[in-house]
Amino acid sequence: MRAIARFAHSCVRSRVAWVLVCLHASWFLIAIANMSPPAPWLGEFVDRGGWSSATLFAGRPFHFHYESMVMKLLVLVDFPSMLAALPIGLLISPLMSAAHAGSFIGS
């Protein structure tokens, strides 16, 4: 446990890590800003049992094939972290259902 705490402490103090975090956050915000506007109607449609080849990402319709190259690269770079977050998402999904949060809010 002590080694993990030391590693986390060194990561928080690393200037290189903070530069990478800031670059990634900027990249994310630019990619989201270039997507289509939020679509609450798509979330309602999916919640009622409708089917769509697009999914909701940050409240916006997302279809990998039609996204910009900036967004495609971001998704590919973030894929390992998305896989790591999958168990957490599965644990949170019953809570989202209990809170009656739909697909739009959940995204």
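Values quoted throughout were computed directly from the atomic coordinates according to the rules given, and no laboratory measurement underlies them. Here the structure is a predicted model, which means the values were calculated and not measured. Note that each Cβ is placed from the backbone with ideal geometry, even for glycine, and that neighbours are counted across all protein chains shown.
Per 0.36 nm of contour for each residue apart, how much would the distance between residue 92 and residue 20 grow if the chain were fully extended, relative to their Cα-Cα spacing?
Values: separation 72, 0.36 × 72 = 25.92 nm, distance 2.80 nm.
In short, 23.1 nm is gained.
Summed over qualifying helices (DSSP H, 4 residues or more, each -39500 (n - 2.57)) and divided by its residue number, the chain shows a 222 nm mean residue ellipticity of -22000 deg cm²/dmol. Here the relative contact order of segment 2-106, from alpha carbon pairs under 8 Å that lie six or more residues apart, stands at 29 percent.
Rounded to a whole number, what is D in µm²/s for segment 1-49 from Stokes-Einstein with the Kirkwood radius over alpha-carbon pairs (25 °C, 0.890 mPa s)?
Working: Rh = 14.2 Å.
D, rounded to a whole number, is 173 µm²/s.
Taking the C-alpha atoms only, the angle from helix 2-13 to the longest principal axis of the chain is near 80 degrees. For segment 22-41, list residues with backbone N below 15 Å from a point placed 7 Å from the Cα of residue 70 toward its Cβ? Only 23-37 fall inside the zone, counting backbone N under 15 Å. Rounded, prolate or oblate: which fits the chain when a ≥ b ≥ c are the square roots of the eigenvalues of the alpha-carbon gyration tensor, with rounded for a/c under 1.5 and prolate only if a/b beats b/c? It is oblate, given that a/c is not under 1.5 and a/b is not larger than b/c. Note on residue 77/residue 100: beta-carbon distance plugged into 1/(1 + (r/R0)^6) with R0 of 30 Å gives a FRET efficiency of 0.35.
Here is the list for segment 45-100: chymotrypsin sites (Phe, Trp or Tyr not before Pro) lying in DSSP coil, each with at most 11 other C-beta atoms within 10 angstrom of its C-beta, are 51.
The phi torsions of segment 30-42, fed into the Karplus equation with coefficients 6.51, -1.76 and 1.60 and a -60° offset, translate into couplings of 5, 5, 5, 5, 8, 7, 5, x, x, 10, x, 4, 5 Hz, rounded to whole numbers, with Gly and Pro shown as x.
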